[in-house]
Amino acid sequence: MMIKTPEAIEKMRIAGKLAAELLVMLEPHVQTGVTTGKLNDICHDYIVNTQKAIPAPLNYGSTLSRPGFPKSICTSINEVVCHGIPNDQKKLRNGDIINIDVTVIKDGYHGDTSMMFMVGRVPEYARKLITVTQECLYKAINLVKPDARLGDIGAVIQKHAHANHFSVVEDFAGHGIGQQFHEPPSVLHFGQAGTGLILSEGMTFTIEPMINIGKKQVKIKKDGWTAVTKDGSLSAQWEHTLLVTKTGVEILTLRSNEKKPKI
Ligand code: MF3
Ligand code: CO
Ligand code: CO
């Protein structure tokens, strides 16, 4: 059930490419003074009218205790860990760091990816957090191949974050992905090498570590979505959608301007 057919994989490639292209398109718009609402509107319009696709976050995930997500992308600034809600008041300021997380549905399949942007001049400690978090993602991606285990992924992320005196958020995880936004398995960003699910060719899942400068604890704001660090420290996240291939991994959401991490 977790193995995609060749036909499904081809559709995952297309969805992943659209998600990656969306971030590349958005990059020049991420500037001091722009509102997160405007960034949302630019993405929504591009997904719907240019890509002829569907923004997966919009109205996603309603439960008895919270409404569905109200916007088409997630914009998470500074101490926001994930699921920040775009709005028309909040302007990006010089020195901010922001994660923009996009998920598109094309022909029934999902592509999910996020990256960090720096607004204006960003202090060295924040740059360091962003770099180490991307290294965590790349180190994890480099382990993906048939017969590797999910615990290997969590362990390498945790090891690299801790070596840099950062903490790993444990309340959110990567996930299987396909016709559903979030499918089994859960891909934890911490754990023990040699444990957990054994990977097989044809699996598709995300890795999306959230790394904090301070403590790992998070709290959810009253809007039911926005997750922030409890201690107010900065948080960073990078995400890719991946396919396990016969010999290793294919990054389905690799951007045209992104260097492939060395395997
Ligand atoms: N894109 C997020 C992820 O990586 C999920 C966002 S759910 C939403 O899994 F409802 F906030 F969009
Ligand atoms: Co995801
Ligand atoms: Co995402």
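Taken together, the values in this text are just the output of simple stated rules run on the coordinates, not laboratory data. Just so it is clear, the model here is predicted, and its values are computed rather than measured. Glycine gets a Cβ as well: all are built from the backbone with ideal geometry, and neighbour counts include every protein chain shown.
Please compute the length gained on full extension between Ile3 and Asn142, using 0.36 nm multiplied by the number of residues separating them and subtracting their Cα-Cα distance.
48.0 nm
Would you mind ranking Ile14, Ile207, Ile3 by Cβ crowding within 10 Å, fewest neighbours first?
Ile3, Ile14, Ile207
What is the fewest-to-most order of Arg127, Arg121, Arg13 by other Cβ atoms lying within 10 Å of their Cβ?
With the sparsest Cβ surroundings first, the list reads Arg121, Arg127, Arg13.
Listing Thr63, Thr50 from the residue with the fewest other Cβ atoms within 10 Å to the one with the most, what is the order?
Thr63, Thr50
With a point put 7 Å past each Cα toward its Cβ, work out how far Thr32 is from Met118 in nm, to one decimal.
Calculated label separation equals 1.5 nm.
Need one number for segment 6-251: average projected area of the convex hull over its C-alpha atoms, nm².
Seen from a random direction, the Cα hull of segment 6-251 projects 12.5 nm² on average.
Residues of segment 231-262 with amide nitrogen under 17 Å from the 7 Å Cα-to-Cβ point of Met25?
The answer is 253-257, whose backbone nitrogens lie closer than 17 Å to the label point.
How high is the FRET efficiency from Lys222 to Lys91, r the C-beta distance, R0 25 Å, rounded to 0.05?
0.70
Name the shape class, rounded, prolate or oblate, that the alpha-carbon gyration tensor gives for segment 106-169, where a ≥ b ≥ c are the square roots of its eigenvalues, rounded holds for a/c under 1.5, and otherwise prolate holds if a/b is larger than b/c and oblate otherwise.
Since a/c reaches 1.5 but b/c is at least a/b, the shape of segment 106-169 is classed as oblate.
Pick from Pro209, Pro55, Pro123: which residue has the top mean-square fluctuation in a GNM of the chain where Cα pairs under 10 Å get a spring?
Pro123
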